[in-house]
Amino acid sequence: MRKHPWIFSGAIASVEGEPRPGETVDILAAEGAVLARGSYSPESQIAVRVWTFDPAEEVSGEFFAGRLERAVEARGALLSGEGPPGVRLVNAESDTLPGIIVDRYGGFLVVQFLTTGAEYWKAAIVEALSRLVPSSGVYERSDADVRGKEGLAKVTGVLAGEEPPDLVEIREGPCRYLVDIKRGHKTGFYLDQRENRAMIADFARGADVLNCFSYTGGFGIAALRAGAAKVTNVDSSVDALDLARRNAGLNGLAGADMENVEGDAFAVLRRWRGEGRAFDAIVLDPPKFAESRSQLMRASRGYKDINLLAFRLLKPGGTLFTFSCSGLVTAELFQKIVADAALDAGRDAQIIRRLAQASDHPTLLSFPEGSYLKGFICRVA
Ligand code: SAH
């Protein structure tokens with residue numbers, strides 16, 4: 001057994017009894033030995049998610065307390081330091097807690113329970129978490145689409161303590177950001193890009209920066225703080241752009257040259273190409289284009305198109321920060337797509353750095369699917 005935490009329904013010869021959704025079941029080898037223990041999900045193609053490969057380990061409230069403690073301890077360095085940080089404390093499968101996400105924003109914890117097993121143990125997990133990490137409140141954002149594959153409805157709301165205010169402030173390097181825990185994307189912020197946002201500082205001084213798929217301005221604020229001459233944020237969400245404006249104010253950048261453009265990035269970039277606009281640095285951080293294998297071709301075309309448009313808008317010697325958060329698009333495939341885009345744009349470019357998700361979003365070696373975010377910093381000739 002390679003200790004992969006997913007067992008697909010097609011790999012199961014028979015189910016004994018009638019386990020309820022989320023109930024803990026033993027996984028037996030053909031000859032009867034217990035191989036692992038996991039949670040049962042009758043509606044999902046992933047019929048079991050493994051909690052433990054140790055047949056002697058009981059799955060109980062105490063079990064979750066131990067696993068949570070291990071995950072939180074591993075974030076030690078990120079949790080120390082001054083100011084209220086935003087940090088991922090529990091990264092699901094990769095922290096050997098399938099389906100469970102815990103993020104901390106200032107004094108609040110935001111949790112997602114994405115599988116039947118996580119849902120089944122919710123009360124015990126929240127109880128253990130509250131003991132382990134003192135907080136003003138624990139807020140649930142189990143409104144991700146993947147819940148549907150498990151037969152679970154979307155739920156949000158307070159699980160412990162106080163309701164978070166509309167906006168919570170976090171610190172990230174020299175930057176501060178306001179996070180909308182209750183209505184923002186995912187749990188409120190794209191913490192996985194923390195280390196990559198910091199890297200734009202090296203390319204920002206005096207630069208005219210296009211921050212495409214900007215959300216609440218993350219890369220743009222980091223660029224302005226590092227001395228960018230101008231930042232143009234493009235996003236389809238007005239709420240996100242409003243928050244980008246407020247984030248600028250929070251960082252003492254109210255007077256900075258920041259333009260916010262609401263619209264479809266594909267259309268906006270195409271229009272600017274026609275107008276002859278050009279930038280020193282461009283960030284492309286689109287949403288997940290490939291949700292399933294059947295969407296891979298279409299997603300690849302989407303990545304190629306947007307990268308092609310960006311290459312055409314870069315000044316000679318300019319820098320492209322380009323990302324894909326689709327797990328199904330491997331780094332190798334993404335590199336091919338970006339290479340094709342440069343070729344079609346008639347630009348020579350080099351990769352000068354390879355990027356991935358931040359260190360508080362680790363990948364368990366036995367769970368390669370955990371590496372979903374990949375990116376390149378490219379320099380055009
Ligand atoms: N870089 C951001 C995160 C980007 S998430 C950060 O560091 O915080 C992707 C963003 O793309 C979301 O804000 C979403 O609103 C936006 N988006 C999705 N489709 C879009 C489209 N077609 N055109 C422009 N923005 C889009």
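Checked against the criteria, residue 330 counts as β-branched (Val, Ile, Thr) and open to solvent by 30 Å² or more (accessible area, probe 1.4 Å).
Within the stretch 284-299, restricting attention to residues that are part of a loop (DSSP other than H, G, I, E, B) and open to solvent by 10 Å² or more (accessible area, probe 1.4 Å), which residue is farthest from the ligand (Cβ to nearest atom)? The qualifying residue farthest from the ligand (Cβ to nearest atom) is 292. Filtered by the rule that a residue be surrounded by fewer than 24 Cβ atoms within 10 Å (Cβ to Cβ) and touching a Pro at 6+ places or on another chain (Cβ under 9 Å), the stretch 303-322 gives a lone residue, 306.
Does the stretch 189-198 contain at least one residue that is more than 12 Å from the ligand (Cβ to nearest atom) and either open to solvent by less than 20 Å² (accessible area, probe 1.4 Å) or under 20 Å from the mean Cα position of the chain (by Cα) (or both)? No.
It is to be established whether one or more residues within the stretch 253-266 are touching a Gly at 6+ places or on another chain (Cβ under 9 Å), within 14 Å of the ligand (Cβ to nearest atom), open to solvent by less than 60 Å² (accessible area, probe 1.4 Å) and within 20 Å of residue 189 (Cβ to Cβ). Yes, the stretch 253-266 has at least one match. When the stretch 203-246 is filtered for residues that are closer than 23 Å to residue 271 by Cβ, touching a residue at least 40 places away in the same chain (Cβ under 8 Å), away from the ligand (no atom under 14 Å from the Cβ) and open to solvent by 20 Å² or more (accessible area, probe 1.4 Å), only 208 remains.
The values are calculated or read from the model by the stated rules, or taken from the named source; none is laboratory data. Treat the numbers as computed from the prediction; the structure is a model and nothing was measured. Note: ideal-geometry Cβ built from the backbone for every residue, glycine included; neighbour counts use all protein chains shown. Side chains included, ligands, DNA and RNA excluded: accessible areas come from the protein's heavy atoms. Shrake-Rupley method; radii C 1.70, N 1.55, O 1.52, S 1.80 Å.
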